[in-house]
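Here's the structure, in structure tokens; my notes come after.
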Amino acid sequence: MRRILICMTLLAATLSPAHALDRLVTVTGEATIAVPPDTAMIRIGVTSLGKSAREASDANAQKMQAVLGALKANGIADKDVQTSRLSLQPQYETGKGGPARLLGFQVTNQLTVRIHDIGAMPNVLDKAIAAGANEMSGIEFIVSEQSKLLDQVRDEAIADAHRKAELYVKAAGGKLGPVVSIAEEGAPSPPRPIAAMRAAAVPVAPGEQTLRAVVAVSYELAQ
């Protein structure tokens, strides 16, 4: 009976999780792809001043209607234009002693515009500014098919991990077994912001964005 118990204990140790971990090889695979952005997001707006809130609002609404008309005339669909900021603020005289004197009101209406043809962006901005837009707070370049491209990069990262694992195991005189676990590391790079600008007649260089996938893959060593 004692011999049987000893044998059972040894068998349990052989099948324990700790022993299973000793027969794993873990590698990191990665892949990248550089792609040019195909979409731009711009933020433009109209800021108006008036002696009263109504006067400032009316002036702003008139100019904004003209800006929206210019965007539409240049092929920007309604679904690609969204109000992102609308504010009304009193303006006071500063720098003098005594109570602050109300000078008037300032209304700011800002739009976020999606442009699917980056080459047309300078012309779109020129027309918007000519129509009354006097604020531009930034540009972002976006890869619209990012998810599909990332799936391609993930496939390549897995292939890279498999290649490395086979190389290591072969060099060690072993044989690669099945996959035990896969974990993706990191996150896709966010859209690249461009510093704020106030002039539309400036050349814009979207460059390229690098999409990257990194995976940690564990393989079991074959018997």
Candidate lysines - alpha carbon under 24 Å from LYS164, same-chain residues fewer than 8 apart omitted: LYS175
By the scheme Lys and Arg +1, Asp and Glu -1, what is the net charge of all other residues having a beta-carbon under 15 Å from that of GLN82? +2
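Rank these by accessible area, largest first, 1.4 Å probe: GLU55, GLU140.
Details: GLU55 90, GLU140 55 Å².
So the residues, ranked largest to smallest area, are GLU55, GLU140.
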Along the Cα→Cβ direction, 7 angstrom out, place labels at SER181 and GLU93. What is the inter-label distance in nm? 7.1 nm
Which lysines, on any chain, are close to LYS63 with Cα under 25 Å apart, when same-chain ones fewer than 8 places away are left out? LYS51, LYS72, LYS79, LYS127
Given a 1.4 Å probe and the protein chains all in place, what does the accessible area of PHE105 round to, in Å² to the nearest 10? 50 Å²
Translational diffusion coefficient of the stretch 48-155 at 4 °C, 1.567 mPa s, Stokes-Einstein with Kirkwood Rh over Cα pairs, in µm²/s as a whole number. 79 µm²/s
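The values are calculated or read from the model by the stated rules, or taken from the named source; none is laboratory data. These numbers were taken from a predicted model, which means no experiment stands behind them. Glycine also receives a Cβ, built like all others from the backbone with ideal geometry; neighbour counts cover every protein chain displayed. Just so you know, the surface numbers come from the protein's heavy atoms only, side chains and all, with ligands and any DNA or RNA stripped out. Shrake-Rupley method; radii C 1.70, N 1.55, O 1.52, S 1.80 Å.
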